[in-house]
Amino acid sequence: MSRFFDLVSKPAREMGGYSPNPPKQRAREFQPRLIRLDSNENPFGPSPRAIEAMRAALTTVHAYPDDDCIELRRKLATQHDLAPEQVLVTAGSTALLSLLCTTLLVPGLNAVTSERSFIVYSMAVHATGAQLIETPMRDDAFDLEAILGAIDGNTRLVFLANPDNPTGTMLDTNAVDKFLSRVPGHVVVVLDEAYYEFAKHLAASRKVAHPSSLEYVQRGASVVVLRTFSKVHGLAGLRVGYGLGPAELLTYCARMRNTFSVASVAQSAATAALDDRNYIDRVVASNTAQAEVLANGLSALGYRVVPTFANFLYCDVAEDAASFAERLLNEGVSVRPLRAWGAPNCIRVSIGTPEQNQFLLNAARKVAGRKSSVSVFRS
Ligand SMILES: Cc1ncc(COP(=O)(O)O)c(C=O)c1O
């Protein structure tokens, strides 16, 4: 075997080599003007207030950042009506997923989530040597009965992506309330709300009750709500996210994090982005309107589209999705085929600007039914 195979830890040996980036580097070589609808990024660029704040922060990057992100933490605490100790800022919400796993899991323990959910749950759990139990979905959504049934004495974490990525489905207030009332006390429930603002708006427009997850935290439930600056604020490249949860648990998590992990420029940008109400409202309103345009357009081509509560659509193209995505790539637009999620006929399409969405629909119209043989998505 190789030189280090016997030296590295068992989880390092056994973890797969999943890369979150689509093969865009290769795609860019032949498509320099590629439209990227593959990573659920904000198509409008960063919040202008965040850009201004980043410029101002550049002159102080010779100094280490504030390890506790005090200004941002206080602002988030005030905004959510919590104590600063109930807020933990991390380098993206994925960093907090890893911290929760290293804080609560060891080999022999487990976490529970649904199949076809956010791929980082699996990576974060397996890195600790613990087990991840994935229950089957029901109607493209989390089956909470199945999750309750999978919890045992060794379970420490449950991950609910709400809305789910990649299906875009959302659990409503009633479902989450009932679920939490039945979860045993030794389990921490992570409500991953990366798409919170989009979900809230889409739920209101469809008269669906969006869970008031903050109330769970305010009443001291064993719940950690995850939010991020990567989506509605357009700051994915900066890596800032946060958790809202029990102060004691977050203190343990904070001990496990890397020192100075949230860059000072990122802290400044995030703090400013919170005040950029005009930008947030514009992004959310466009997403709500365009979700419908894109869903109608794809449905008109004969594809099954799952109603979304996020900034992307889950779409069954009734053929090999990798091949379909490759044909779209050749037309200049990148979407995510979902074989790795166990959905070989499905793609996830991020909701772009109105122009990008029209481009995608035109490209989909062109490539529908046309097959190709070699796929860059398979390697
Ligand atoms: C469900 C879910 N949680 C978390 C994240 C990641 O957020 P961050 O960029 O803050 O690490 C994503 C990003 O795609 C997501 O889909």
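Under 5 Å between amide hydrogens, which residues at least 5 positions from Val188 or on another chain qualify, with H placed 1.01 Å from N in the peptide plane?
Amide H neighbours of Val188: Leu157, Val158.
Let me know the Kirkwood hydrodynamic radius for region 235-274, please, with Cα pairs as the basis and the value in Å to one decimal.
11.5 Å
Can you grab the distance from the C-alpha centre of region 157-213 to the C-alpha centre of region 243-298, Å, no decimals?
16 Å
Taking DSSP loops as anything outside H, G, I, E and B, show the longest stretch in the chain free of chymotrypsin sites (Phe, Trp or Tyr not before Pro) there with at most 12 other beta carbons within 10 Å.
19-259
Decide, for region 258-376, between rounded, prolate and oblate: order the square roots of the alpha carbon gyration tensor eigenvalues as a ≥ b ≥ c, take rounded if a/c falls under 1.5, and otherwise choose prolate if a/b is larger than b/c, else oblate.
Details: a/c = 2.48, a/b = 1.67, b/c = 1.49.
Prolate is the answer for region 258-376, as a/c is 1.5 or above and a/b outweighs b/c.
Could you list which residues have their amide H under 5 Å from that of Ile133, counting only those 5 or more apart in sequence or on another chain, with H placed in the peptide plane?
Answer set, sorted by chain and number: Ala111, Val112, Thr113.
For region 146-255, what does the relative contact order come out to in percent, with C-alpha contacts under 8 Å and a separation of six or more?
Values: 146 pairs, mean separation 25.8, N = 110.
Value for region 146-255: 23 percent.
With a 10 Å cut-off between alpha carbons and a GNM built on the chain, which of Ser323, Ser93, Ser114 moves the most?
Ser323
For region 102-161, what does the alpha-carbon gyration tensor say about shape, rounded, prolate or oblate, given a ≥ b ≥ c as the root eigenvalues, a/c under 1.5 as rounded, and a/b over b/c as prolate?
Taking the square roots of the gyration eigenvalues as a ≥ b ≥ c, region 102-161 is oblate.
Going by the alpha-carbon gyration tensor, a ≥ b ≥ c the square roots of its eigenvalues, is the chain rounded (a/c under 1.5) or, if a/c is not under 1.5, prolate (a/b greater than b/c) versus oblate? Show your work: numbers first, answer last.
Numbers: a/c = 1.37, a/b = 1.23, b/c = 1.12.
Because its axes are fairly even, with a/c under 1.5, the chain counts as rounded.
Once you've got the GNM for the chain with C-alpha springs shorter than 10 Å, pick whichever of Gly241, Gly352, Gly153 has the biggest mean-square fluctuation.
So, out of Gly241, Gly352, Gly153, the one fluctuating most is Gly153.
Bear in mind these aren't lab numbers, they're just calculated from the coordinates by the rules spelled out. Since the structure is predicted, the reported quantities are computational estimates derived from the model, not experimental observations. Cβ: placed from backbone, ideal geometry, glycine included. Neighbour counts: every protein chain shown.
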